[in-house]
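This report refers to the structure that appears directly beneath it.
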Amino acid sequence: MCGQGGQVYDAGEHRLLTSVTLDRRLAALALAKIESEVGPL
């Protein structure tokens, strides 16, 4: 198995086990807060 981001895929079984999405507005807010501290990404 391998995990990347919000998904866990079982490569041996060739199937997606879980997938979690992030609300776009929440992601934009988080990115804006990070960029206010470190500059544009």
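A short reminder: the numbers here are calculations on the coordinates, not readings from a lab. None of the values given here were measured: they were computed from a predicted structure. With ideal geometry, Cβ positions are generated from the backbone for all residues, glycine too; neighbour counts draw on all protein chains shown.
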Show that you can apply the helix-only estimate: for the chain, add -39,500 (n - 2.57) for every DSSP H stretch of four or more residues, divide by all residues, and state [θ] at 222 nm to the nearest 500. -12000 deg cm²/dmol
Please find the FRET efficiency linking Thr21 to Leu41, where r is the Cβ-Cβ separation and R0 is fixed at 22 Å, and quote it to the nearest 0.05. 0.60
Report the semi-axes of the equivalent ellipsoid for the chain in whole Å, largest first, where each axis is √(5λ) for an eigenvalue λ of the Cα gyration tensor. 31, 11, 5
To the nearest 20 Debye, how big is the dipole of the chain about its Cα centre, given +1 on the beta carbon of each Lys and Arg and -1 on that of each Asp and Glu? 140
The simple spin-label model distance between Glu13 and Ala32, using points 7 Å out along Cα→Cβ, in nm, is 4.1
